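Data first, discussion second: the structure below is written as structure tokens.
The values are calculated or read from the model by the stated rules, or taken from the named source; none is laboratory data. All values reported here derive from a predicted model rather than from experimental measurement. Glycine also receives a Cβ, built like all others from the backbone with ideal geometry; neighbour counts cover every protein chain displayed. With ligands, DNA and RNA removed, areas are computed over all heavy atoms of the protein, side chains included. Shrake-Rupley method; radii C 1.70, N 1.55, O 1.52, S 1.80 Å.
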Amino acid sequence: MSYNVDDQCKKEIKALDKKHKHLASDLKTFIQTHQVANDPNQPDDYRRNFFSSKNATILHGSLRDKARIIKARLYSTDLRDKSLRVIYLANDRDLTLIEIYSKGKKPTEDKRRWQTYK
């Protein structure tokens, strides 16, 4: 039950943290929720429903794969919406945050960044 943060993602978090004062607590909640959802011991129905919602989408891999790349919405208590996006690698319950961005500033993720994690 651990998580890592890519070096570029650390810089993005630091920049976003200046505008969003509650980003650290929002990320903590996000990571806890997604660690549970990626736990292979969870029922398949729960995991399937979680990843078929608007909140999280598997970009590469599937629920059966040990490692998968996921794009998810992050709820911001400062903005009171889900306009922040997080791209992460899920390896069972271990998460690696690859990219975080604001949907208002950047329309889509940088595919080159997560391609190296495939």
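Mind listing P(r) for the chain? All alpha-carbon pairs, 5 Å bins, whole percents.
2, 11, 24, 26, 20, 12, 4, 1
Could you name the aspartates and glutamates whose alpha carbon sits less than 17 Å from that of K118, not counting residues in the same chain fewer than 8 places away?
Of all the aspartates and glutamates, those that pass the test against K118 - Cα under 17 Å, at least 8 places apart if same chain - are D6, D65, D92, D94, E99, E109, D110.
Modelled label-to-label distance, A67 and N55, 7 Å Cα→beta-carbon offset: nm?
2.7 nm
What nm value, rounded to one decimal, do you get for the distance between K111 and S25 when each label is placed 7 Å out toward the C-beta?
3.8 nm
Run the quick spin-label model on K18 and K82: label points 7 Å from Cα toward the beta carbon, then report their separation in nm to one decimal.
My value for the distance between the label points is 2.9 nm.
With only Lys, Arg, Asp and Glu charged, each at its Cβ (+1 for the first two, -1 for the last two), find how big the charge dipole of the chain is about the Cα centre; round to the nearest 20 debye.
Values: 26 positive and 16 negative charges, 98 e Å.
Roughly 480 debye, rounded to the nearest 20.
Can you find, among T57, N4, Y101, the residue sitting farthest towards the positive end of the charge dipole of the stretch 2-118, where Lys and Arg contribute +1 and Asp and Glu -1 at Cβ?
The Cα lying farthest towards the positive end belongs to Y101.
Using θ = phi - 60° and the Karplus relation 6.51 cos²θ - 1.76 cosθ + 1.60, list the HN-Hα couplings for the stretch 49-58 in order, rounded to whole Hz, with x at every Gly or Pro.
My calculation for the stretch 49-58 gives 5, 4, 8, 9, 7, 6, 7, 8, 9, 7 Hz in order.
Kindly express, to the nearest 10 degrees and within the range 0 to 90, the angle between helix 7-19's C-alpha long axis and the longest C-alpha principal axis of the chain.
The answer is roughly 50 degrees.
May I ask you to give the solvent-accessible area per residue for the chain, in square angstrom, as obtained with a 1.4 angstrom probe?
Working: 7110 Å² over 118 residues.
It amounts to 60 Å² per residue over the chain.
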